[in-house]
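The values are calculated or read from the model by the stated rules, or taken from the named source; none is laboratory data. Because the structure is predicted, anything quoted here is derived from the model rather than measured. Methodologically, a virtual Cβ is constructed for each residue, glycine included, from the backbone with ideal geometry; neighbour enumeration extends over all protein chains shown. For accessibility, only protein heavy atoms count, side chains too; no ligands or nucleic acids. Shrake-Rupley method; radii C 1.70, N 1.55, O 1.52, S 1.80 Å.
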Amino acid sequence: MPHWAALPAITLVLGGARSGKSRYAERIVEGAAAHGTYCATAEAGDDEMAARIAAHRARREGDGRGRFWRTVEAPLALAAAVATEPAPDRPLLVDCLTLWLSNVMLADKPVEAEIAALHAALRDANGPVVLVANEVGMGLVPETPLGRRFRDSAGWLNQ
């Protein structure tokens with residue numbers, strides 16, 4: 001029987017786009033607990049994103065794994081989800097911080113305050129939290145001010 005204590009309070013799974021981060025994070029939680037909560041931050045703004053979301057759902061629900069995962073959606077209210085969802089016997093997997101940051105910026109929310117609220121929720125979480133994020137700072141300097149602000153904010157968020 002898996003035991004949640006095998007997971008640290010916070011785990012960050014960081015990597016490039018389409019590098020298998022979500023599958024890796026899912027395996028971490030599945031190997032350490034009898035049940036997990038999947039916090040999805042993506043929104044289906046177009047057909048391509050809807051297909052990506054559907055593929056993630058199908059992977060979680062395939063092979064009887066649907067009984068393992070409970071899904072909550074938090075495209076903006078991530079701090080609230082982190083404050084309420086993790087439990088000692090049910091780790092929370094957040095997929096993904098980068099999409100959440102994009103949602104926050106596009107909604108004109110105060111990025112620094114949102115990150116601070118998330119930090120506080122993570123500090124006080126009642127169970128393990130596994131976070132998935134894209135590494136965006138290893139490439140070229142973005143051409144636009146918004147792109148540079150996003151890259152810099154993602155770096156601060158991942159810290």
Can you tell me which residue is surrounded by the fewest Cβ atoms within 10 Å (Cβ to Cβ) among those in the stretch 138-154 that are free of Cβ contacts under 8 Å to residues at least 40 places away in the same chain, assigned to a helix (DSSP H, G or I) and not acidic (Asp, Glu)? 145
With the requirement that a residue be within 14 Å of residue 89 (Cα to Cα), in a loop (DSSP other than H, G, I, E, B) and open to solvent by less than 70 Å² (accessible area, probe 1.4 Å), what does the stretch 25-51 give you? 31, 32, 33, 34
Residues of the stretch 113-128 classified as open to solvent by less than 60 Å² (accessible area, probe 1.4 Å), in a helix (DSSP H, G or I) and closer than 21 Å to residue 13 by Cβ, total: 5
For the stretch 130-137, state whether one or more residues are crowded, with 19+ Cβ neighbours inside 10 Å and of a type in the set (S, T, N, Q). yes
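Determine which member of the set 118, 106, 78, 97 is farther than 21 Å from residue 6 by Cα and free of Cβ contacts under 8 Å to residues at least 12 places away in the same chain. Break it down into steps so the answer makes sense when it comes.
Values: 118 fails: free of Cβ contacts under 8 Å to residues at least 12 places away in the same chain; 78 fails: free of Cβ contacts under 8 Å to residues at least 12 places away in the same chain; 97 fails: free of Cβ contacts under 8 Å to residues at least 12 places away in the same chain.
None of the other options fit; the residue is 106.
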Which of (1) modelled with pLDDT of 95 or more; (2) open to solvent by less than 20 Å² (accessible area, probe 1.4 Å) does residue 96 not meet, given it meets every other one? (1)
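Name the single residue, out of those in the stretch 52-85 being hydrophobic (A, V, I, L, M, F, W, C) and part of a loop (DSSP other than H, G, I, E, B), that is least open to solvent (accessible area, probe 1.4 Å).
Quick first cut of the stretch 52-85, residues hydrophobic (A, V, I, L, M, F, W, C) only: 53-55, 58, 68-69, 72, 74, 76-83.
Still in the running and part of a loop (DSSP other than H, G, I, E, B): 68, 74, 76-77.
Working: 68: 28, 74: 5, 76: 64, 77: 61 Å².
Looking at the filtered set, the residue picked out is 74.
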Kindly provide the set of residues from the stretch 8-24 that are under 21 Å from residue 80 (Cα atoms) and either open to solvent by 60 Å² or more (accessible area, probe 1.4 Å) or modelled with pLDDT under 95 (or both), ordered by number. 8, 9, 10, 12
Can you tell me which of (1) over 18 Å from residue 17 (Cα atoms); (2) surrounded by 14 or more Cβ atoms within 10 Å (Cβ to Cβ); (3) touching a helix residue (DSSP H, G or I) at 6+ places or on another chain (Cβ under 6 Å) is the one residue 88 doesn't meet? (2)
Anything in the stretch 99-112 that is more than 20 Å from residue 57 (Cα to Cα) and open to solvent by 30 Å² or more (accessible area, probe 1.4 Å)? List them, or say none. 102, 106, 107, 108, 109, 110, 112
